[in-house]
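Some notes on the structure that comes next.
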Amino acid sequence: MSEEEASGGAALQIGFALILGVAVLGFFVGTGDGEDLRNPLVTHGVADEEVTPAPGAMPSYAMIRGKGRGQDSDWASERKALSAGGSGEALVGKTAALTDRAANRAYDGAPPTIPHPVRQRAAAECLACHEDTFSVRGKSASAMSHAEYASCTQCHVVSEAPMPGAMLPPDATFAANSFVGMVSPSEGERAWAIAPPTTPHHTSMRENCMSCHGPNGRDPMVTPHPERQSCQQCHPPSAGMDQAPGGAR
Amino acid sequence: MTIDTDRRTFLKIGAMAAATAAAAGTPSDADATGLDPELRKRMGAGVTWDKAPCRFCGTGCHVQVGVKNDKVVAIAGDKLADVNKGLLCVKGYHVGLALYGEDRLRQPMLRVNGELQPISWDKALDIIAERVELDPKGFAYYGSGQWTIPEGYAAQKFMKGGLTSNHIDPNARLCMASAVTGFLAAYGVDEPAGCYEDLDKADVVIMWGNNPAEMHPVLFSRIIDRRSRGQEVTLIDIGTRRTRTTAHCQHYLEFKPQSDLAIANGIAHLLLANGTWDKEFVDANCSFRTDSEPRGLFGDAMSFEDYKAAMAEYTPERVEQISGVPAKDIRMLGDLFGRKDIRITSLWCMGMNQHTEGTAINTLVHGIHLLSGHFGKPGDAPTSLTGQPSACGTAREVGTLAHLLPGGRLVAKEPHRKDAEEYWNLPAGRIDGKPGFHTLKMFEDWCTPKSKGGSIHTIWVQVTNPGQTMPNRNKLLEPGVKDPNKFMIVSEVYPTATTEIADLVLPSAMWVEKNGMFGNSERRTQQWFRMVKPPGDARDDCWQTIAVAKRLFDRGFAGMKDKDGKFLFHIEDDSGKAVPIWNWSNYYDVNVDKHLFEEYRLFSRLKHKDLAPYDEYVKARGMRWPVVETEPGVWRETKFRFSGFDDPYVAEGRAIDFYHSTTGDSRAQIWFRKYTDPPEMPDAEYPMWLCTGRVLEHWHSGTMTRRVPQLARAMPQGYVELNRDDAAELSVDNGEVVRLTTRRGTLDLPVWIDGRGAPPRGSVFVPFFDERLLINFLTLDAHDPFSKQPDYKKCAVKVSKLSKTTAGR
C-alpha cells in the first residue's frame, strides 16, 4: 500500500469508529430517561406526593414506580368487596344488580329480551357486539353466555313493538300476568367464610362465566380474580340443577 | 375498602368474617345479608324440577319445569331430551308464564240473557247431560291436536262407544288432515317414516312453503347449527314470500300460490327425462297411481309408461310458466334429486296442508322422494312436520276424527268396529258404521237451523278456539251463534273468541296442572306428571268428559254402560276396588291417565304403531313407536320406519318394506296428479293474494302467548305485510292503516313493509294471532276433496287506502 492510501485508509477507519461511537452513545442516551418534553412537571426519581399529570397526559412509570399497590387518583377500582353480607353499599349494589338483571329476564335462566330494535327478518348481526363483550359510554353489550347458535332471534325477542303504526289499545281482559319468576341468586354457598362459593345457578346456556362475571359485568358480580380462567375448578356447578347423574329427574 | 395484602391482616379479616357469619346464622337468613327479603324468597332454594314436553308446537321439546310453593317459577331446556338437547325457543322458555294470566277461568259459567253467570260444576254437568239427551245424534264434540292422549281417548270412547255418535272431529282437520291423506294414499298408513335424525344427516333440506325458523325453531336450528360445526348443508326455500327462514337458505324459489303442484311434477319430469330416477328402488318398492274417475283417495293403478307420459307436459319451461320459478332452478332441483351421492330431506307444514289440493301435493312430494330413491336412509326423507303438540299422538293415533277409531281403524269397517267393541267391552253394534261430520261440515250443520235440516244442536269444544280459527267465520259460526236453539259448550283456560260466543264455559286445567301425554311430529310419545294445582275450580278436561259420562249413566243413559252394565269409565285401584274418579276430589286417587293409556295401547298393534307401557314413558323423554319389547322389560323404539335396518316389522331380508301398502304388495304409491288452479284467484275486483299464517312469538290464536308479557311486547299486534312497491303504488306508508276486503269480509290493518316477512308484488300476508284483528272473517272455506282441510293460504283480496288511523273491523 502507498503512504497516501494508507493514511487515507486510516482516516476512514477513525471516521467510521467515531460515527459508530456517536451512534452507540446516542443509542444509550436516547433510551435513558430524558426530560419529558410534554410534561415539565415530571422529575426523575421517586415522587413522595401524588403528582397529577396534566389533563390528557399519561402518568409516567417513574410516577407509578415508587407507590404501593392500591388505588389512587391514577387508577381507581370500582369493585365492591365480595363477602357474605358485606357493607351497606355492597348490598344496594347487589339488589340493584339483581333487579336490573330481572328486568329483562322472566326468571333466572330465561333468555334476556333485547333492549334495542333489531332487524326482524334478515339473519342477525348480533355477534358484531355480542361475540365478545363491548362497552361504550357506560353501556355494555355483554358477551353471549352460551356457545354460538345460528338463530339468535329464536330465543331472544325485542322488548318493544317492532312494527310501525298505531297500536290498538290493550284489551281490558288482557290483564297482567302474575307469574313470579325465580330470581338469580345473590351468592353461592360457601363452606366457610372465604371459601370459593359454589355456582348457585344452573349452567345451561351459561358456560361462559365471564359474560356476567367478567370485567364488563355488573359491579357486584364482577370476579375479583379475572386472571383465573378455569372457573369450575373452584366453583363447582350443581348436579341437581345441571341434570348431572343423580340430580333432577 | 382497599385490599391489604398483608398476610396477618388477611387472616384477621377471615376470622372476623367467620365469627360474624356464625353469629348471624346461615346465608339464607335474609336479615344477616340485609338483602331484600322479597327478592331472597324468589331465589333458587326450594325449587324442585321435573320434566315435561313443551305445551306448544309439534317439535315436542322437553323442558325442565321449576316449581316452588305450588307455582311454576322457572323453565330450563332439558339437556337429556333427544329432541332438543337442552335448547328451547322463546315460546318454550316462557311456557311457564302461560299459566298465570290473571283472567284465568276459575268457575263454570252459563250464559243467561247474554251474560255469563257463574254456576256450580254439578249444575254444569246436568246441563250438558240434558243437551245430550235432547238428541244424542245431534251432540257433537270438537276436539284438538292439543288434547292430551288420555283426554282425546276419553272423548273418543264417550262419543263413539257411549253416544254411538261419530260427530267428533279435531282442529287437526284444519291443520294436518291433508298430510294424513297424503300418507295414506302413498304408504297406506299415516305418519312420517323418518325422524329428526334425518335433519342431522341431510345434505340438502328443502322447505316446501313453510317457515321453520319461526314455526319449528328448535328443529331449524338443529339444521343450521350444523354449519357452526363445519358441516355443509344446502337449504332451499320454496316459498311464496321471504321469511326468516329464507335468510338462512342458499336458494329461494318464489312460486305462485298453488303451483307447488307443478314444481313437484317438474322434478319428477326431469328425473324421468334425465334417466336419473332410481330404477332399482322403484322396481322393488313402488307402484304408480293416478286419480280415478270420480276422484277417490286411493285412485287407480297407473302404468309406468302412462306416468311418464303424464309427466311429459311438466318441462322446466312449462313449470316456469305456471309457477314463476325460473327453469334453471327447476333444473337445479331435478339435478339434486337425481344425485345418488347426497341425502335430501323435504320439510313441509301448512303451506302444503292448508291447500285445496293438499292431498295431491303431499302425495307428489312423497312421490319424488320415492321416484328418486331418496327415502329410507338417514337424511333421505319426505318429512311432514306436525304443527300441534299432539295432533299425531291424540287426533291421528287415537283417531278422534269423524271416520276413525283408535289405532288407525275405520268406523266403516266391521272388523275394526268389532275390535273397538271388544276392547271397550261393548255390546255388538254399539258403534255406528257411518262416518260423522268433519269439522267444516260440523260447524256448517250447527249453523243451519233445525227446520232447514241442521241436525247438530250442540258442540262441545275442548282445547281449541274455533271462534278465531274457523275460516270464513261469517258463514261457519255467526248463524249458529245467533240461533237460540243452538248451544256451545267450551272447556277453556282463558276468555277467548270462542268463550265470547259460548253458552256454557268450563274452566280447565292446563299443561302441568294435570297429568298428560303428547305425541310429537316424529312419532314420539311423551309423558308428564301434574306439578301444580289449577286455579280456582278449574278441572282436567279428561275429568269433565268422564263426569258427564257418569252423570248420563246415573240418569239412565244406556250408552254409558258397557255390555256387562258397568260404567264405561269404570276404573279400579290396585286392590281391585272401584275408584269414583267422577268425583273431582277422587280423580287423582289413581292415575287415570295410566289406566286409560293401558287400555288404549291395545289398539296400537294393528297398524304396527305399538306403544309401550305407560311406565316406560315415565322414565323416558319419549319413545318413538313402534316400541317393541326386545327382551322382558327392555323396550326399543324405532327411528326409521319401513327400513330394514331399524324397523322390526320389516320382512326378513328386505331393505324397505311398506307393510301397509294400499295394494297389499309391500309397495308405496308414486302418484301423478295434475296442476289445477285454486278455486279463488286474484281478478279485476280483488287483485291480490291473501295469505295467512303465524309468527314465532305467538302460538296459534294467541290466547296463551298474548298473556305472556315478553311475547306480547315483542309482537303486540296484528298487521298486514305489504310489498314495498305495492305500497308505493297505493301511496301507503309503513304503519298506515289500510282496508282489506275479500268476498267474505272486511278488516282494517296497519301495514308493515319489510318487517318479519316480505311478500312479493300482488300478495299480502296477515298473521292470525290477534283476536282483535280477526282475519278469518275474510278467509275462504274451500277445502281439499279428501282431507276436508280448508285453505287459509290463498284467496283473493283487495287492499285500499283509508283516511282513518285505527285498525279493526
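The values are calculated or read from the model by the stated rules, or taken from the named source; none is laboratory data. What you see is a predicted model; the values in this text were computed from it and never measured. Quick reminder, even Gly has a Cβ in these numbers, built from the backbone with ideal geometry, and neighbours come from all protein chains shown. Only protein heavy atoms, including side chains, enter the accessible area calculation; ligands, DNA and RNA are left aside. Shrake-Rupley method; radii C 1.70, N 1.55, O 1.52, S 1.80 Å.
Structural remarks
- Computed over chain B, relative contact order equals 18 percent, with contacts defined as Cα pairs under 8 Å that lie 6+ residues apart.
- Cross-link pairs exceeding 21 Å between alpha carbons, from the set B:LYS434/B:LYS594; B:LYS514/B:LYS619; B:LYS41/B:LYS68; B:LYS413/B:LYS609: B:LYS434/B:LYS594.
- Interface between chains B and A: roughly 6400 Å² of accessible area buried, both sides summed (probe 1.4 Å, protein heavy atoms only).
- Shielding of peptide A:137-149 by partners, expressed as the average count of other chain Cβ atoms within 10 Å per residue Cβ, is 1.
- Under 16 Å from B:LYS91, Cα to Cα: lysines that are on another chain or at least 8 residues apart: none
- Dividing the convex hull volume of the alpha-carbon atoms in region B:582-642 by its residue count gives 103 Å³ per residue.
- Overall dimensions of chain B by Cα: Rg and Dmax, Å: 27.6, 99
- For chain B: accessible area per residue (Å², 1.4 Å): 33
- Hydrodynamic radius by Kirkwood, which averages 1/r over all alpha carbon pairs of region B:724-777, in angstrom: 12.0
- Within the full protein context, the accessible area of A:CYS209 is estimated at about 40 Å² for a probe radius of 1.4 Å.
- Carbon and sulfur %, accessible surface of region B:356-422 computed with the full protein complex present, 1.4 Å: 54
- An ellipsoid equivalent to region B:244-312, defined through the eigenvalues of its Cα gyration tensor, has semi-axes of 27, 18, 12 Å when rounded to whole angstrom and sorted largest first.
- Sulfur and carbon atoms: percent of accessible area, region A:91-249 [1.4 Å]: 59
- Solvent accessible area, Å² - B:THR676, 1.4 Å probe, full protein context: 50
- Mean-position separation - Cα centroids, region B:759-809 and region B:289-307, in angstrom: 34
- Taking all Cα pairs closer than 8 Å and separated by 6 or more residues, the relative contact order of region B:101-237 comes to 14 percent.
- Centre separation in Å (Cα based) which lies between region B:373-443 and region B:605-655: 19
- Share of Cα-Cα pairs in region B:438-522 lying beyond 22 Å, as whole percent: 31
- Comparing the full protein assembly with the isolated chain, the residues of region A:89-127 losing at least 30 square angstrom of accessible surface (1.4 Å probe) are A:LEU91, A:THR95, A:ALA106, A:TYR107, A:PRO111, A:THR113, A:GLN120, A:ARG121, A:ALA123.
- Compactness of region B:664-765, taken as the C-alpha radius of gyration over 2.2 N^0.38 Å, stands at 1.44.
- Straight-line reach from B:LYS798: taking Cα to Cα under 18 Å and skipping same-chain neighbours fewer than 8 places apart, the lysines in range are B:LYS256.
- Percent antiparallel among DSSP beta bridges (both partners in chain B, rounded to 5): 55
- Note that region B:29-94 carries a Kirkwood radius of 13.2 Å, evaluated over its alpha carbons pair by pair.
- Each principal axis of region B:93-194 carries a Cα extent, and these read 51, 43, 24 Å when sorted largest first.
- log₁₀ of I(q)/I(0) at q = 0.15, 0.20, 0.24 Å⁻¹ - region B:396-448, Debye sum with one point per alpha carbon: -0.44, -0.69, -0.87
- Cα-based Rg of the protein assembly as shown normalised by 2.2 N^0.38 Å, two decimals: 1.11
- Note on surface exposure: B:ARG295, B:ARG111 rank B:ARG295, B:ARG111 by accessible area, highest first, 1.4 Å probe.
- The alpha carbon radius of gyration of region A:99-249, expressed as a multiple of 2.2 N^0.38 Å, is 1.22.
- Of the GluC sites (Glu not before Pro) in region B:627-715, the ones in a loop by DSSP (not H, G, I, E or B) with at most 16 other beta carbons within 10 Å are B:GLU652, B:GLU685.
- Residues of type lysines that B:LYS279 reaches as a straight line, Cα spacing below 27 Å, ignoring anything fewer than 8 places off in the same chain: B:LYS201, B:LYS308, B:LYS328, B:LYS340, B:LYS377, B:LYS639, B:LYS674
- Occluded residues from region B:687-719, i.e. those whose accessible area drops by 50 Å² or more once the chain is not alone (1.4 Å probe): B:ARG707, B:GLN710, B:ARG713, B:ALA714, B:GLN717
- Placing +1 on each Lys and Arg Cβ and -1 on each Asp and Glu Cβ, with no other charges, gives region B:518-643 a dipole about its Cα centre of roughly 520 debye.
- Each residue of region B:637-649 was assigned a 3J(HN,Hα) from its phi angle through the Karplus expression (A = 6.51, B = -1.76, C = 1.60, θ = phi - 60°), giving 7, 10, 8, 10, 7, 6, 9, x, 6, 9, 7, x, 8 Hz with x at Gly and Pro.
- Here's how it looks for A:ALA143: its modeled amide H is under 5 Å from those of A:THR133, A:PHE134, which are all 5 or more places away or on a different chain.
- Across region B:235-335, the mean sequence separation of Cα contacts (distance under 8 Å, 6 or more residues apart), normalised by length, yields a relative contact order of 32 percent.
- Along its three principal directions, the equivalent ellipsoid of region B:454-608 from the Cα gyration tensor extends over semi-axes of 29, 20, 18 Å, largest first.
- Rounded Å value of the spacing that divides the Cα centres of region B:242-260 and region B:176-222: 16
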